[in-house]
Amino acid sequence: MSDLAQLETELLGEITQAANEEALEALRVKALGKKGSISGLLATLGSLAPEERKSFGASINAVKDRVTEALTARRVTLKDAALDARLAAERADVTLPIRESGLEAGRIHPISQVMDELTAIFADLGFAVAEGPDVESDDYNFTRLNFPVGHPAREMHDTFFFSPDQKGDRKLLRTHTSPVQVRTMLTQKPPIRVICPGRTYRCDSDQTHTPMFHQVEGLVIDRHANLGQLKWVLEEFCKAFFEVPHVKMRFRPSFFPFTEPSMEVDIQCSRKGGEIRFGEGEDWLEILGCGMVHPNVLRNCGLDPDAVQGYAWGMGIDRIAMLKYGMPDLRPFFEADIRWLKHYGFRPLDLPSLAAGLSV
Ligand code: DAH
């Protein structure tokens, strides 16, 4: 066998044996690279006699072509094998359940959703949101709201008190959102129109009471704020919140130290089949307390009762959330049970707005 034929046999043999693409590339360089064996033979042609050069050159080129072809064919085979191996290794089980993205799986707590709904409704009526701390002074929670020291109404609130500090001041966990009224009047000039949603605390616990719960307070201070406006605002709120076209409301005289006159408000409902529906029926359900801000409260907060007057209301958020979304028990609100939250929670991007419909 000539040297050339032997070289070809060797190269073709090695090419068929090449285990992967890197090995194949090394073989290509070894044969056809600048310093490769075939390139080396081509370089010797110059030293041959013209006749010999012609026939030997043709033979080398034929070998070069066959080697190139073999390289290409082997490359295709190796690529296919590599793809097959990858497909076998990366097999996907299409019957496995899809894992939801965080945005799909997460849920907004009904309380947060209802607070967003309240904010959307009252923002549309021109109200801003005001906030205050959960740990309050006795002064803001009671005294300035016209609860005289030793007045029995203080006892009715089942207050959580902290131990007195060195000066003898006793902080407490606010028992209602009304101290945010005080803070707002002390820092803002009338006209004032705010709602104050937030956490409140009382030492009480059963099926419909939890030691921590939520309220929303409303406060309007203006020269001519009056009961007619209060009634209209509350009616508009109830229609928008419960998403009904009409709602009957009943204002009953009541007592709160910080309002005069004071009222409790019931809303019309039906209770057929154990289900509460608003905007129909002959039953009544109490939903909030309200009244005209007591002149003493205005004075205690630096306002002149002869120049301005105001109306206010306070409402339990947990209760109206239970009523709207048919949740029978209050306690799971605070149990952080993921199954409950999955059932009653809201999708993160379902932001309530009046334009888009509150709860759809
Ligand atoms: N703070 C009262 C409570 O917790 C609720 C309330 C009643 C607030 C009448 C008001 C109001 O602003 O005017 O029971």
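The values are calculated or read from the model by the stated rules, or taken from the named source; none is laboratory data. Please read all numbers here as calculations on a predicted model, not as lab measurements. Please note: Cβ atoms are built from the backbone with ideal geometry, for glycine as well, and neighbour counts cover all protein chains shown. All accessible areas refer to the heavy atoms of the entire protein, side chains included, with ligands and DNA or RNA removed. Shrake-Rupley method; radii C 1.70, N 1.55, O 1.52, S 1.80 Å.
Close amide-amide hydrogen proximity is noted between His294 and Thr259, Glu260, each under 5 Å apart and 5 or more residues distant or on a separate chain (H modeled in the peptide plane; Pro and chain starts excluded).
In the chain, the DSSP beta bridges split such that about 95 percent are antiparallel, to the nearest 5. For the chain, the mean residue ellipticity at 222 nm estimated from helices alone is -12500 deg cm²/dmol, where every DSSP H run of n ≥ 4 contributes -39500 (n - 2.57) and the total is divided by all residues, rounded to the nearest 500.
Sequence-ordered 3J(HN,Hα) estimates for segment 210-216 from the Karplus curve with 6.51, -1.76 and 1.60 and θ = phi - 60° stand at 10, x, 10, 8, 10, 10, 10 Hz, glycine and proline given as x. Overall, the ratio between the Cα radius of gyration of segment 110-344 and 2.2 N^0.38 Å, rounded to two decimals, is 1.02. For the chain, the membrane-span-like helices by this rule, meaning whole DSSP H stretches whose C-alpha atoms cover at least 18 Å of axis and whose Kyte-Doolittle mean is -0.5 or above, are 3-17, 50-89, 110-124, 227-242; this says nothing about an actual membrane.
Across segment 129-146, coupling constants 3J(HN,Hα) worked out from phi with the 6.51/-1.76/1.60 Karplus curve, θ = phi - 60°, read 9, 10, 10, x, x, 6, 8, 10, 8, 4, 4, 6, 6, 10, 4, 5, 8, 6 Hz, and Gly and Pro carry x. Scalar couplings 3J(HN,Hα) for segment 150-155, obtained by applying the Karplus form with A = 6.51, B = -1.76, C = 1.60 to θ = phi - 60°, are x, 5, x, 4, 5, 5 Hz; x denotes Gly and Pro. Charged neighbours of Glu22, selected by a Cβ distance under 12 Å, balance to 0 (K, R count +1; D, E count -1).
The trypsin sites (Lys or Arg not before Pro) of segment 29-105 that DSSP puts in a loop, and whose beta carbon has at most 13 other beta carbons within 10 Å, are Lys34, Lys35, Arg91, Arg99. A cut-off of 5 Å between modelled amide H atoms, ignoring neighbours fewer than 5 places along the same chain, links Lys171 with Phe162, Asp165.
Here segment 100-173 is treated as a sphere whose radius is the Kirkwood value from Cα pairs; by Stokes-Einstein at 37 °C and 0.692 mPa s it diffuses with a coefficient of 206 µm²/s.
Measuring nothing but alpha carbons in segment 2-89 and taking Rh as the Kirkwood radius, the Rg to Rh ratio lands at 1.11. Computed packing ranks the peptides 338-348, 252-262 as 252-262, 338-348, most packed first, by mean other Cβ atoms within 10 Å. Surface composition of segment 190-278: carbon plus sulfur atoms hold 52% of the accessible area, using a 1.4 angstrom probe and ignoring ligands, DNA and RNA. Which entries of Lys189/Lys239; Lys171/Lys324; Lys34/Lys64 have Cα-Cα distances beyond 23 Å here? Cα-Cα > 23 Å for Lys189/Lys239; Lys171/Lys324; rest within.
Give the separation of the Cα centroids, segment 222-294 to segment 304-360, in Å. Distance between centres, Cα-based: 16 Å. Counting only Cα atoms, the size of segment 66-122 along its three principal axes is 84, 24, 10 Å, in decreasing order.
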